[in-house]
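The values are calculated or read from the model by the stated rules, or taken from the named source; none is laboratory data. None of the values given here were measured: they were computed from a predicted structure. Here the Cβ positions follow ideal geometry from the backbone for every residue, glycine too, while neighbour counts run over all protein chains shown. For accessibility, only protein heavy atoms count, side chains too; no ligands or nucleic acids. Shrake-Rupley method; radii C 1.70, N 1.55, O 1.52, S 1.80 Å.
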Amino acid sequence: MRTLWDLLPKKRQIAVEPAASPRHSTRRSGPAQARYERMTRAMLERYRIRVRKWRSSTSGVAWQVTYADGSVSRLIESPRPRGPMSAAVFLHEIGHHAIGFNVYAPRCLEEYHAWRFSIAEMRAWEIAVTQRVQERLHDSLHYTLAKALRRGLKRVPIELLPYREPRRDAGTAALIEVPAAAAASA
């Protein structure tokens, strides 16, 4: 049986590839991306962490919830590792769980050790610690230390002395030195 639709002239079908959306145009594939994915899975499994949200910005947060029965949920929000900067932020948030919460006081010292963990893991996974990552590390620790000083911190931990002043230019970022033995065991 024919319908009215059958009587209408057929439009020529032109195969058109869908335009790449900005969200998917930055997706990478290859050995480097496979390494980032392996690293992501391994770190989440090793520390039993659940990602609550993959952030589009290069910011992150780590926290844990302890339930009445004593069980603990370890959670993070961070960018999905696709390059050195997002990997550094991801590993920094993992570092909070790896070193433990409230182990280091003051809080700015905990941030230092989370960044130290991040740099050690980047080296262990052979991810480049770029100049931008070093600058981010310096800016983050400077901000955290300045906040602690505003809130009344009396003695600056020796590890944080290089971060007391802001970066003057792109070449002055202080990098956390991680001994080779610490990088291998982290």
Filtering the stretch 89-125 for residues that are open to solvent by less than 30 Å² (accessible area, probe 1.4 Å) and more than 25 Å from V72 (Cα to Cα) leaves a count of 3
Those residues of the stretch 68-84 that are within 9 Å of the chain's Cα centre (by Cα) and in a strand (DSSP E or B) come to a total of 3
R116 vs (1) part of a helix (DSSP H, G or I); (2) in contact with a helix residue (DSSP H, G or I) (Cβ under 7 Å, 6 or more places away or on another chain); (3) basic (K, R): all pass except (2)
Counted residues in the stretch 57-71 being open to solvent by 50 Å² or more (accessible area, probe 1.4 Å) and under 20 Å from D139 (Cα atoms) come to 3
Filter the stretch 86-113 for residues that are in contact (Cβ under 8 Å) with a residue 24 or more places away in the chain and assigned to a loop (DSSP other than H, G, I, E, B); the one that is farthest from L161 (Cα to Cα) is F101
For the stretch 32-52, pairs from a residue that is loosely packed, with under 11 Cβ neighbours inside 10 Å to a residue that is of a type outside the set (D, E) and modelled with pLDDT under 95, with Cβ under 6 Å and 6 or more apart or across chains, are none
Here the residues within the stretch 126-156 that are open to solvent by 60 Å² or more (accessible area, probe 1.4 Å), assigned to a loop (DSSP other than H, G, I, E, B) and touching a residue at least 60 places away in the same chain (Cβ under 8 Å) are E126
